[in-house]
Amino acid sequence: MPEQRRGLAAPALTNIAGTSVPGITMTNQKILIKIVSYRDPELIKTIASALAAADHPERVEFAIVNQVGDETRDQLAIFHADPRFTVTEVHWSQSLGLGWARNMCDAMWRGQEFTLQLDSHMRFLRGWDNRFMSDLERTDDPRGVISCYPATYHFAAGAEVYSSTMPHKIIAAHVDAEGIPSLRSGSNVAPLARTLIVAGGMQFSRGEVCIDVPNNDIVFYGDEMAHSIRLFCAGYNVYAPSKVTIFHLYERHKWMHVEYWSKNLQEDPILRPRFQRLYDANIAILMDLLDLGNDRHLGSSRTKREFNAFSEGFRDCEIFGPHDTLAKLAAS
């Protein structure tokens with residue numbers, strides 16, 4: 001079973017929608033960084049960079065789901081007694097995927113005013129915390145989400161090399177082999193321009209999003225599109241940042257040995273059937289989300305048809321079905 005350690009007190013809060021949240025009180029100006037890590041040696045460096053580059057590290061707290069193997073077990077032991085950290089550690093073979101882990105991170109929210117969802121291999125520019133808070137305030141939108149793809153870092157001759165990127169929109173580029181819209185970075189946009197699709201590894205918003213639109217605990221494939229639709233229908237609006245202050249280690253396999261959850265499960269004859277069940281459930285949820293004929297399990301603020309109409313400037317392909325592959329999957 002996952003082992004959880006919590007150091008945050010949990011006394012009642014009213015979220016944006018007016019819903020009482022038992023056991024939670026607002027902790028003003030705190031930022032909860034939510035990180036899901038899978039056997040990742042970069043996790044410690046990510047935490048260190050976030051704290052070192054923050055203008056106010058005392059505001060920063062962490063909700064971490066660490067899916068470990070022997071190589072990363074107890075890598076967070078130094079934080080066990082640190083009240084800023086809430087950590088759930090689970091062996092990789094017990095993991096149910098990205099959505100499951102991110103949903104657990106959402107459940108660790110304890111009233112922090114802001115939340116930042118990240119990946120576990122990131123670096124930060126000085127002042128990232130004030131920049132995000134300022135950007136969100138400038139949107140004048142209590143349901144704003146600041147997001148685009150992070151910039152890039154990689155390794156060369158043993159050193160970290162950083163490449164900047166401009167604020168941009170994310171677009172649906174084409175329908176992939178599974179019938180799911182595949183995403184990529186689109187054109188650059190003005191600072192704080194309204195966009196539509198979020199990056200899974202960089203989302204800054206008010207903390208109430210953790211209870212308004214928690215990550216779907218089944219979806220690990222197509223998660224960015226699924227979450228973007230759910231945020232929109234719940235009344236949230238996505239904005240590009242004024243400056244991209246976070247760097248991501250893309251294509252990690254080029255720089256280090258990398259373990260992947262789906263690959264690990266599929267290579268294990270005992271775990272392979274579980275992965276197939278999870279994958280089939282994932283596809284079923286995506287099919288439902290990509291069906292314009294219903295708004296099941298979505299917020300009541302807006303519909304998928306409104307999302308589809310707004311998406312005109314954010315896609316090179318049709319986001320919603322029917323897609324041939326989806327029809328084949330539905331019939332199988």
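Tabulated data for the structure shown
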item: Residues (farther than 15 Å from ILE211 by Cα and surrounded by fewer than 18 Cβ atoms within 10 Å (Cβ to Cβ)) located in segment 93-113; result: SER93, GLN94
item: Number of the exception - ARG302 against (1) among the basic types (Lys, Arg); (2) more than 21 Å from GLN203 (Cα to Cα); (3) at pLDDT 90 or above; result: (2)
item: Residue under evaluation ALA12, criteria (1) among the hydrophobic types (A, V, I, L, M, F, W, C); (2) at pLDDT 95 or above; (3) open to solvent by 60 Å² or more (accessible area, probe 1.4 Å), criterion not met; result: (2)
item: Leading residue by the ranking (least open to solvent (accessible area, probe 1.4 Å)) among those in segment 160-175 that are over 21 Å from the mean Cα position of the chain (by Cα) and farther than 27 Å from GLU42 by Cβ; result: VAL175
item: Whichever residue in segment 163-200 is in a loop (DSSP other than H, G, I, E, B) and of a type outside the set (A, V, I, L, M, F, W, C) and, among such residues, is farthest from ARG230 (Cα to Cα); result: SER164
item: Filtered residue count, segment 259-285, keeping only those that are over 23 Å from ALA226 (Cα atoms) and among the polar types (S, T, N, Q); result: 2
item: ASP217 vs. criteria farther than 27 Å from ARG110 by Cα, open to solvent by 40 Å² or more (accessible area, probe 1.4 Å), in a loop (DSSP other than H, G, I, E, B) and touching a Phe, Trp or Tyr at 6+ places or on another chain (Cβ under 9 Å); result: no
item: Residue in segment 176-185 that is farthest from ILE31 (Cα to Cα), counting only those that are out of contact with any His (no Cβ under 7 Å at 6 or more places or on another chain) and open to solvent by 50 Å² or more (accessible area, probe 1.4 Å); result: ALA177
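Every residue, every condition in (1) at pLDDT below 95; (2) aliphatic (A, V, I, L, M), yes or no:
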position: GLY18; (1), (2): yes, no
position: ILE47; (1), (2): no, yes
position: ALA63; (1), (2): no, yes
position: ASN66; (1), (2): no, no
position: ASP70; (1), (2): yes, no
position: ARG84; (1), (2): no, no
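The values are calculated or read from the model by the stated rules, or taken from the named source; none is laboratory data. Owing to the predicted nature of the structure, the values given are computational and were not obtained by experimental measurement. Cβ atoms come from the backbone with ideal geometry, glycine included; neighbour counts cover every protein chain shown. The accessibility values were calculated without ligands, DNA or RNA, using every heavy atom of the protein model including side chains. Shrake-Rupley method; radii C 1.70, N 1.55, O 1.52, S 1.80 Å.
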